[in-house]
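Scroll down for the structure; my scribbles are underneath it.
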Amino acid sequence: MSDTITKRQRQRAGGRYGAVGRALGELDDRLGVARGGRTFLDKIFPDHWSFMLGEIALYSFVILLATGVFLSLYYVPSSTIVTYHGSYLPLDGMPMTQAYQSSVNLSFAVRAGLLMRQMHHWAADIFIGSMVVHMARVFFTGAFRKPRELNWTIGVTLLTLAIVNGFLGYSLPDDLVSGTGIRIAYSIILSVPLVGTYLAFWVFGGNYPGTVILQRFFILHVLVVPGIMLALVTFHLILLVRQKHTQFPGEGRTEDNVVGSPMFPVFMAKTTGFLFIVAGVTAAMGAFFQINPIWQFGPYDAARISYAVQPDWYMGFLDGALRIFPAWQFHGFGHTIPLEVTIPAVIFPGLVFGLAYAWPALERRVTGDHAMHNLLDRPSDRPKRTAAGVAVLALISMLFIASSTDVIANYFKVSLNTVLWTMRILVLISPFVAYPIAYKIAKELHETKGGGRRKVTNVVTRTESGEYVAVPAPAYVDDVREELEPTPVPVFIEETEPTGEDDASGGVRVVERD
Amino acid sequence: MNTLRHLARYALAAAAIGAPLAWALPAHAANGPVYQTSRHNAGTPNSDVVTKKNGQITSYGDSAITYNVPSPALAALGQALYLQNCASCHGTEANGVPAAGTTGAFPNLVGLGPATIDFWIESGRMPAADPRAVQAPRRLPRLTHDQALAIAAWINSLSPSYPAIPTVNVKSANVAQGAALFALNCAACHTIEGDGDALARSTFAPSLRNIPATQVAEAIRTGPGNMPRFTGNLSDYQVADIVKYVTTEIQHPRNPGGLGLGGLGPVAEGFVALLVGVAVLALVGFWVGERQ
């Protein structure tokens with residue numbers, strides 16, 4: 001034989017799993033990734049569609065990070081006044097901050113800049129929207145119960161941080177509309193009783209608008225808040241793997257098992273495809289729907305104001321609360337507390353998010369239920385919880401609608417004052433109307449046999465003797481599942497049982513290497 | 001409470017004394033320029049160069065806007081049209097007193113410049129569909145351009161006054177200046193994208209999306225309805241700049257980013273984000289996932 005190595009020999013030398021397997025083997029020798037990797041690859045994901053809602057949030061966060069890095073390469077967080085001489089003629093010769101100039105240039109002079117800006121903005125709107133939907137899914141199915149309270153807390157924190165970061169990002173271009181938003185934020189901080197003035201001066205580095213707020217918002221927006229969020233998302237997912245998924249009750253599903261597809265190969269393919277679909281939808285929206293046309297708004301100037309200014313949708317409930325709250329103030333003891341700002345913009349959101357944080361503990365206390373729950377409720381199983389959630393959502397939705405009082409009045413040609421009073425009344429009564437309706441529906445569904453559950457299809461056949469026989473059909477036609485043999489565990493991650501022997505001589509412990 | 005009531009009484013008394021005085025003022029101002037109402041400083045041009053014709057200002061001193069008085073020859077036709085279309089409310093003398101009505105129920109038209117008359121008729125607001133409406137909405141005009149000019153000519157013949165009907169030379173106007181002036185003077189009510197919006201008590205700032213250049217200039221110079229009258233603080237050059245910005249960028253926004261979503265800002269964007277973005281992705285999840 002010659003020295004030539006044949007292809008077959010090379011393959012054989014590569015081992016059973018080829019070059020990839022060998023590379024992984026090398027990695028495992030050094031880092032011991034095999035066991036953890038195996039756990040990860042074998043992680044079971046329930047197939048129910050509602051478990052995909054959180055993934056929309058996860059993947060829009062990924063898109064936010066990617067597009068955000070692109071934007072940060074061109075954005076200048078500076079309040080220095082410059083004169084614009086760019087390609088957008090209606091702004092030619094106008095004095096503006098460098099932040100606004102760089103945002104306009106980013107939109108018009110940078111290749112794909114406008115697409116990236118719009119994708120970033122749409123992704124932010126979708127991110128928070130899907131977080132809310134995901135949170136609703138977790139709430140109404142009781143997935144936050146023991147042992148998952150900590151993950152619920154992390155989720156609520158993530159939502160809060162996402163809203164804050166959305167506002168910070170919205171403020172960065174320093175256009176007329178977002179400048180108005182910063183002004184409102186300043187007033188909200190001012191309205192905090194006793195410490196408001198100090199707090200506002202501390203945040204803005206002096207009186208409004210000052211010269212430092214944009215660079216402060218910038219570093220918060222691109223580093224501090226996303227950094228915390230990234231850590232929390234990671235922790236959220238680690239807990240998810242550690243505690244395993246919840247699942248809806250069903251055939252073969254118990255409190256002690258998880259039924260679904262393994263990470264590899266089924267779920268990995270599904271979720272990667274889903275990442276691309278989220279990215280594709282966001283890119284399509286960025287390409288076809290214009291969002292936040294800052295060049296039309298012009299630079300911010302405290303003397304200028306545009307009517308019909310709303311914040312992005314996730315701040316809508318705050319804006320709505322501010323709009324409809326009556327003008328109450330407290331004067332006394334040498335202080336003024338603007339209750340018309342403090343109550344709707346400081347106390348109210350504090351209560352809403354406080355309630356969200358406290359809910360798992362509240363529910364434990366009320367129901368006295370301290371058991372572990374891995375099986376989900378259907379919303380109709382817990383009429384009171386469902387009704388409470390619907391009531392809060394109704395209140396928030398009404399406040400959300402109240403943030404567009406002027407648009408409603410203009411569009412439907414009604415008096416603004418009528419709309420204002422209508423919204424005040426609707427906000428006050430909506431939770432009390434929504435609660436009994438939701439409660440009644442949930443209760444009736446729960447008490448109806450088979451209520452809220454998908455009806456089973458029957459296949460009716462006629463025998464030769466003329467007899468009709470109805471047999472329950474599989475859920476999907478042609479969807480007859482066969483039992484699969486469990487995948488054999490590859491040899492290179494053979495588990496070694498710990499010996500359990502403890503050599504405790506002189507306080508020195510011996511730990512076996514894996 | 002009592003203090004408030006007293007204050008209100010004083011205010012009423014002051015108004016009762018002041019109003020007739022105010023109406024009397026234009027009478028003795030026959031030598032100087034006469035503008036549509038009695039507000040003293042209204043219509044004082046800040047331009048140094050003012051063109052006068054027969055003792056009245058015809059231009060604010062530059063070539064950006066030409067003000068044309070409708071031909072007096074149209075007055076006879078105008079009177080006939082006026083009697084048919086306007087007299088039932090504004091009275092046969094155009095003084096706001098209908099035949100059996102009371103003074104002050106409807107606006108007095110004598111002494112309003114031709115631009116005011118032309119604006120209200122050509123924007124379709126007059127003759128009013130509902131005379132008791134809080135604010136007359138823009139409609140398809142019932143009278144033609146020539147008929148509007150004729151009525152303006154007749155009312156002007158009762159007491160010649162200014163501003164006359166503007167013709168804006170937008171070619172030489174500066175759109176960037178217009179954008180800045182628009183943000184400063186107009187956006188507070190009409191919104192920065194010119195869509196208009198609701199104001200208090202059923203009044204509203206109308207959309208600017210389909211207003212011809214002449215009417216934009218007329219509105220700025222005459223201040224119809226709740227709108228302030230911009231005379232002394234805006235030169236003709238500046239008005240022309242605003243008119244150019246409104247008739248180009250506001251009425252034909254470039255929307256390089258895709259669909260403009262009606263210029264409604266975050267309200268429309270929120271709906272798109274939730275009903276298109278989140279909903280489509282949730283549907284995809286529904287499609288990918290199991291539905292039992």
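Brief remarks on what is shown
- Subset of the range A:79-104 (residues that are over 19 Å from residue A:64 (Cα atoms) and within 30 Å of the chain's Cα centre (by Cα)): A:99, A:100, A:102, A:104
- So residue A:138, is it in a helix (DSSP H, G or I) and within 19 Å of the chain's Cα centre (by Cα): yes
- For the range A:97-127, the tally of residues that are more than 10 Å from every other protein chain (Cβ to nearest Cβ), in contact with a Ser or Thr (Cβ under 8 Å, 6 or more places away or on another chain) and among the aliphatic types (A, V, I, L, M) stands at 4.
- Any hit, the range A:289-306, residues being in a helix (DSSP H, G or I), facing chain B (nearest Cβ under 8 Å) and buried (at least 17 other Cβ atoms within 10 Å of the Cβ): yes
A quick yes/no check of all residues on (1) more than 30 Å from residue A:271 (Cα to Cα); (2) more than 12 Å from every other protein chain (Cβ to nearest Cβ); (3) at pLDDT 85 or above:
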residue: B:222; (1), (2), (3): yes, yes, yes
residue: B:261; (1), (2), (3): yes, no, no
residue: B:267; (1), (2), (3): yes, no, no
residue: B:276; (1), (2), (3): no, no, yes
residue: B:279; (1), (2), (3): no, no, yes
residue: B:284; (1), (2), (3): no, no, yes
residue: B:287; (1), (2), (3): no, no, yes
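So that you can scan it fast, the table gives a plain yes or no per residue for (1) more than 16 Å from residue B:82 (Cα to Cα); (2) within 14 Å of chain A (Cβ to nearest Cβ); (3) in contact (Cβ under 8 Å) with a residue 24 or more places away in the chain:
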{"site": "B:97", "(1), (2), (3)": "no, no, no"}
{"site": "B:109", "(1), (2), (3)": "no, no, yes"}
{"site": "B:112", "(1), (2), (3)": "no, no, yes"}
{"site": "B:126", "(1), (2), (3)": "no, no, yes"}
{"site": "B:130", "(1), (2), (3)": "yes, yes, no"}
{"site": "B:137", "(1), (2), (3)": "yes, yes, yes"}
{"site": "B:171", "(1), (2), (3)": "yes, no, no"}
{"site": "B:180", "(1), (2), (3)": "yes, yes, no"}
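- Selection status of residue B:143, part of a loop (DSSP other than H, G, I, E, B), of a type in the set (A, V, I, L, M) and at pLDDT 90 or above: yes
- Test: residue A:408 is free of Cβ contacts under 8 Å to residues at least 24 places away in the same chain, within 14 Å of chain B (Cβ to nearest Cβ) and surrounded by 15 or more Cβ atoms within 10 Å (Cβ to Cβ): yes
- Extreme residue, nearest to the other protein chains (Cβ to nearest Cβ), among residues of the range A:48-62 that are buried (at least 20 other Cβ atoms within 10 Å of the Cβ) and either touching a Gly at 6+ places or on another chain (Cβ under 8 Å) or among the basic types (Lys, Arg) (or both): A:52
- Taking (1) touching a residue at least 60 places away in the same chain (Cβ under 8 Å); (2) surrounded by 20 or more Cβ atoms within 10 Å (Cβ to Cβ) in turn, residue A:215 satisfies each apart from (2).
- Qualifying residue in the range A:64-74 (condition: closer than 20 Å to residue A:287 by Cα, touching a Pro at 6+ places or on another chain (Cβ under 7 Å), in a helix (DSSP H, G or I) and without any contact (Cβ under 8 Å) to a residue 12 or more places away in the chain): no
- Residue within the range A:33-43 that is assigned to a helix (DSSP H, G or I), within 11 Å of chain B (Cβ to nearest Cβ) and among the β-branched types (Val, Ile, Thr) present: no
The values are calculated or read from the model by the stated rules, or taken from the named source; none is laboratory data. Worth saying up front: this structure is predicted, and the values here are computed from it rather than measured. Neighbour counts are summed over all protein chains in view; Cβ atoms, including those assigned to glycine, are modelled from backbone coordinates with ideal geometry.
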